[in-house]
Amino acid sequence: MTQSKKQQERQWRERKEAQHPHGKVKTFEQLAEDASKGDTK
């Protein structure tokens, strides 16, 4: 069975909005914590 066009578009939009191409943005506290540990990540 094929999906309706509206359903396909909704699923595509959900996948598109769920992407995090650069990973999650860290808070300043997390960045400072990582810097103090010496992590290069």
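Every number here is computed from the coordinates shown, using simple stated rules; none is lab data. This one's a predicted model, so the numbers in the text were calculated from it and none came from an experiment. Positions of Cβ are backbone-derived with ideal geometry, glycine not excepted, and every protein chain shown enters the neighbour counts.
Between Lys16 and Glu29, residue separation times 0.36 nm minus the direct Cα-Cα distance comes to 1.8 nm. For Gln8, the shell of other residues with beta-carbons less than 12 Å away shows a net charge of +3, using +1 for Lys and Arg and -1 for Asp and Glu.
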